[in-house]
Amino acid sequence: MYPGIQDTIVAVSTPSGRSFHAIIRVSGPEAVPYVKSLFVPTTNINLEGVPSYSSIKGYIHSLREGVNIPVLLYLMKNPFSYTREDVVEIHTMGSLPLLEMLLDVLLPEKIEAQKRIRLSQPGEFTKRAFLHGRIDLTQAEATMRIIRAHTDLELTAAIAQLTGKVSRQISQMQNKAVSLCAQIEAAIDFSDQDIELITTAEITRELNELRTAISRLLHQTETGKVSPEGIHTVFYGKPNVGKSSLINALLGRKRSIVSEIPGTTRDVVASRLDMGGIHFILTDTAGVEDTQKNRITGAMEKVQSVLKSAQIVLLVFDGSIDLSEQFKDIKVGNVTATTIVIVNKSDLKKNNVYYGFPPELTRYPVVHTSAQTGDGLERLKDLLLETVLGGRIETLTVPCLMNVRQRDALQRSLQLVQCAVESAQRNESHEFIALDVRAAVDAMGEVLGSVTTEDILSKIFSEFCIGK
Ligand SMILES: Nc1nc2c(ncn2[C@@H]2O[C@H](COP(=O)(O)OP(=O)(O)OP(=O)(O)O)[C@@H](O)[C@H]2O)c(=O)[nH]1
Ligand SMILES: [Mg+2]
């Protein structure tokens, strides 16, 4: 158990300085009950009962200043949060005195000791994401690089790391090396029995393959670049729910035709949205027709084929009418991509109560939006970014630059495999070969963070800024 991991941590997670909007993040077992004890919602709502990714308006009272601070809470429940703990985000205006006031309320000088709530240390949110298996060390370091990235190249490289593709390739090579090592060691154990489990020629061949794979990855990561295609994001739902309007609102310009007549969009229309250095290809589709009519039109066939290649599917509903009715014709079985549920037209529903939320959809994050007023669009954008950065989608990108620590460890594993190849060629004893292969396995483990010590961890995470 790592020290302090049971505590609930608090930090301002937006950059310091004046800004329009600021966020205080609270993460840990006490996050929901603690914030609940300080928060007064504008409508009668129980924080513990609301689904993940809900937003609740209200205020937090500062006794000392005698003011009500207006805030918007976002709840992300374990495991659907960055840290895989219960997270409450407190959104408010980006004013420094206001944030200080809020932190005073959240972290008063005297806090009941058994509550274990404290200010977070630098990088502690990301450290928790790592310790809870949400991201691996490669991804944690990539997060740090994103925070610090100065150039687009650095940024895209770091993002490609976050996708976990490099990690996956390394762990495949590591598995191969482990099984080879096991075979060599078994051969040593049975060497007196006159049965040959693996021949030296086989060992040499396997080692050569491993060497090629490692050096290819090292080479690719030198010249690697992120593919420009972008993340294929598809809007899917019944006619007239506001798919085209949402795309226009996200793009901040008119791209898709909007009208009150259902069935306005007849074809698949794609446009590009750039956010935080990541390209999203937003694809508008024709609204799903009534399956009762029992005819599959050309437009519907196209929608189905677009869904197949989607990396993120946004299931859009009209929140002003019964949701379960709309769900009937939507074939979630055909959706294999990462899914986000959008309940649109929130401006028509003042009380935030929605009818007939399909139980099949409760496992997905839900955002309430209004294409009309812009409500929830920032949240939707954050969620899209978080989906990519959190490595929750399969990306088509090629491997990318690694950082010095990773390259160094991988380079070492290459040298060790090289030594093993030479030992095998010289027909040296299996013990020598096994020793080098095992050391190579450990070096690959260092890249992934599976072989590590608290020292290395502390060093890496202390380089983060507080609140990340
Ligand atoms: N009040 C309100 N109206 C909206 C909102 N979003 C869209 N609308 C209206 O709903 C109608 C349908 O919007 P579209 O964007 O064309 O819907 P669509 O899902 O693309 O529909 P199809 O292309 O027919 O499948 C239009 O009259 C929009 O102005 C919203 O958030 N609030
Ligand atoms: Mg449309």
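The values are calculated or read from the model by the stated rules, or taken from the named source; none is laboratory data. Remember, predicted model here, so these are calculated numbers, not experimental data. Using ideal geometry, Cβ is built from the backbone for each residue, glycine included, and neighbour counts are taken over all protein chains shown. These accessible areas exclude ligands, DNA and RNA; they are computed on the full protein's heavy atoms, side chains included. Shrake-Rupley method; radii C 1.70, N 1.55, O 1.52, S 1.80 Å.
Taking R0 as 56 Å, what's the FRET efficiency between Gln304 and Ile198 from their Cβ-Cβ distance, rounded to 0.05? So the FRET efficiency works out to roughly 0.70. Take the Cα of Arg407, step 7 Å toward its Cβ, do the same at Leu38, and the gap between the two points is 4.4 nm.
Taking packing as the residue-averaged number of other Cβ atoms within 10 angstrom, the listed peptides 430-440, 357-367 run from highest to lowest as 430-440, 357-367.
The label-point distance for Glu209 and Ser259, in a model that sets each label 7 Å from Cα toward Cβ, rounds to 6.0 nm.
These residues, Ser305, Ser55, go from largest to smallest accessible area, 1.4 Å probe, as Ser305, Ser55. Averaged over its residues, the range 231-389 has an accessible area of 45 Å² per residue, based on protein heavy atoms and a 1.4 Å probe. Per residue, the solvent-accessible area of the range 8-135 (1.4 Å probe, heavy atoms of protein chains only, all protein chains present) comes to 49 Å².
Solvent-accessible surface (1.4 Å probe) assigned to Glu209 amounts to roughly 90 Å².
Quote to one decimal, in nm, the extra length available between Asp329 and Lys110 on full extension: 0.36 nm per residue of separation minus the C-alpha distance between them. Show your work: numbers first, answer last.
Working: separation 219, 0.36 × 219 = 78.84 nm, distance 5.55 nm.
So the extension gain works out to 73.3 nm.
Output the antiparallel fraction of DSSP beta bridges having both residues in the range 231-389, as a percent to the nearest 5. Spell out each step's value before the answer.
Numbers: 7 of 26 bridges.
Bridges in the range 231-389 that DSSP calls antiparallel: roughly 25 percent.
A 1.4 Å probe, protein heavy atoms only, puts the accessible area of Leu307 near 0 Å².
Percent of accessible area on the range 8-135 owned by carbon and sulfur, 1.4 Å probe?
On the way: 3540 of 6240 Å².
Carbon and sulfur: 57 percent of the exposed surface of the range 8-135.
Would the range 231-389 count as rounded, prolate or oblate if I go by the C-alpha gyration tensor, calling it rounded below 1.5 in a/c and otherwise prolate when a/b exceeds b/c, oblate otherwise? Before the final figure, lay out each step's value.
Working: a/c = 1.29, a/b = 1.08, b/c = 1.19.
Cα axes put the range 231-389 in the rounded bin.
Cα centroids of the range 235-278 and the range 51-84: 30 Å apart.
As a quick test, which of the pairs Lys243/Lys345; Lys36/Lys115; Lys77/Lys243; Lys238/Lys328; Lys254/Lys331 have an alpha carbon distance above 18 angstrom in this structure? Where the Cα-Cα span goes over 18 Å, the pairs concerned are Lys77/Lys243; Lys254/Lys331.
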